[in-house]
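A quick write-up on the structure given underneath.
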Amino acid sequence: MKPIFHDAKAVLFDLDGTLVDSAPDLGFATDQMRVARGMPSLPLEQYRPMAGAGARGMLGVAFGIGPDHADFEALREEFFVRYAECLTHRTYAFPGVDLLITRLLETGLTWGVVTNKSQRFTNPLTAAMPLFASARTIISGDTTPYPKPHPEPLFEAARQLGLAPQDCIYVGDDERDIVAGHAAGMRTVAATYGYLGAQSDVDGWNAHAQINSPLALLQLLQGA
C-alpha cells in the first residue's frame, strides 16, 4: 500500500539539489582554486554529481583529496571564502520549484528548509532569492548541535512550525536526508532530479516515495 501524504500539514525540503541548483557556483569557486594553482579548468559536469557533499565533494573532484589529507583544512577554508563571494551568481531554483511552492501555499500547507549548509552560506543565499520569503523555517547545518543524518535539525524545524514531526514530510536528494527523516518520524520523499551520482542506490534508501521532478510532489500530496 502506498503511503498517505495528503494529510500532511507541512513540507520541509533540503536545499542544494532539492530546491536550488547551486552546483554552478560551487563548481566555479572550486575550479578557480585549480586555475590559481596553474591547473587546467574542469567542466561543471565533473563537479555536479558531488555538489551535495559540499566542500568535501568539491575538493575531492578538484584535488583528489579527502578530510584526512594534510592540506584539506586550508583548502576547505579557501573554498569557503571563494564560495561566499559568488554563492548567488549562478544558483537558481530547479524548474518547477517556484510553482510547487505557490501550490503548497494555495492549499494552506506550511513549508520550510532543513539543510546541512552552514548559516554562513544559507542565510545570504535564501535572503537573496524571493522564493524563500514565504518559508516559515530555515534550519542550517549549524542551527542545532547536530547536522543530518541526525534528526535534531528536523525536530527543530517542527518545533519552530508548532507541529508534530509526524505532521511533516521531508524531501531530500541525499541518503542522509532520508535517514534523518525516518529518525524524526517524518514521511520521506527522495528527490531523484538533483545531484544523484550514477552509483546512488535510491531504492536502497527506503524513502516512502520518490519524485523525478519538483511538481511530482503535488501528486503525492493529492493522494494520486
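Values in this text are rule-based calculations from the coordinates and carry no lab data. Since the structure is predicted, the reported quantities are computational estimates derived from the model, not experimental observations. Because the Cβ atoms are built from the backbone with ideal geometry, glycine has one as well, and the counts that use them run over all protein chains shown.
GNM on the chain, alpha-carbon springs under 10 angstrom: the most fluctuating residue among V20, V114, V81 is V81.
By counting other Cβ atoms within 10 Å of each Cβ, how are V189, V11 ranked from fewest to most? Mind showing how you got there, number by number?
Values: V189 28, V11 23.
So the ranking, lowest neighbour count to highest, is V11, V189.
In this rough spin-label picture, where each label sits 7 Å from Cα along the Cβ direction, the D71-R37 distance is 0.3 nm.
Per residue, the average separation of C-alpha pairs within less than 8 Å and at least 6 apart gives the stretch 33-88 a relative contact order of 25 percent.
Taking P24, P49, P40 in turn, the Gaussian network model of the chain (Cα-Cα springs below 10 Å) assigns the largest fluctuation to P40.
Across the chain, Cα pairs under 8 Å and at least six residues apart give a relative contact order of 27 percent. In the chain, a dipole from Cβ-located charges (positive for Lys and Arg, negative for Asp and Glu) runs towards its positive end, and of I178, V114, M39 it is V114 whose Cα lies farthest in that direction.
Which of rounded, prolate or oblate describes the stretch 23-86 when judged by the alpha-carbon gyration tensor and an a/c cut-off of 1.5?
Working: a/c = 1.25, a/b = 1.19, b/c = 1.06.
The shape class here is rounded.
What does DSSP give for the chain in terms of the percent of beta bridges that are antiparallel, rounded to the nearest 5?
Numbers: 2 of 21 bridges.
Bridges in the chain that DSSP calls antiparallel: roughly 10 percent.
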